[in-house]
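Engineer: The structure is given below, and queries will be raised subsequently.
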Amino acid sequence: MGLEEEFESGLYDGPPAKDLLVRLLKARRIRPTEQRVALARLVFSRRWHFAAEDLGELAKGSGFAVSMPTVYSTLNLFVRKGLLKELVVDPRRTLYDSNIQEHCHIWDARTGSIVDVDMGAVTVRDAGKWGLEGVETCDVLVRIRRSS
Ligand SMILES: [Zn+2]
């Protein structure tokens, strides 16, 4: 059972249980300090795409004092350890994705909203034809622009 399946049921449905988060961090070899667990609790309370500032605001709003450098370093650590994904949609603003399942994205250029799409919905056909052997996963971001 992969990390995703093991923890999936306890995440994204409101603040996850603290002991689940401690196990999740440990499974990714992250020392579960109080601040990291508190931030993970906010991050994994739902599936969302967010900027570091959003998380900082959320922490402040929930009465949890944390500095922005700590937010940035924690997010970077989570990304490095494969717990969060970095989404480069707008080069001026890095977004993070709390959904640890493999999936693709559709970005609506007009509203700026990002929709998660199942991996199976987007396939890389004949990857070998372009000299891309052994493709296991692919990050796909589909940018759409709608009329009106
Ligand atoms: Zn996503």
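Engineer: Please pick out the residue among L20, L58, L42 that is in contact (Cβ under 8 Å) with a residue 24 or more places away in the chain and away from the ligand (no atom under 16 Å from the Cβ).
Structural biologist: L42
Engineer: Which is surrounded by 14 or more Cβ atoms within 10 Å (Cβ to Cβ) and within 16 Å of the chain's Cα centre (by Cα), of V22, V43?
Structural biologist: None of the others qualify; the one that does is V43.
Bear in mind that the values in this text are calculations on the coordinates, not laboratory data. Because the structure is predicted, anything quoted here is derived from the model rather than measured. Cβ atoms come from the backbone with ideal geometry, glycine included; neighbour counts cover every protein chain shown.
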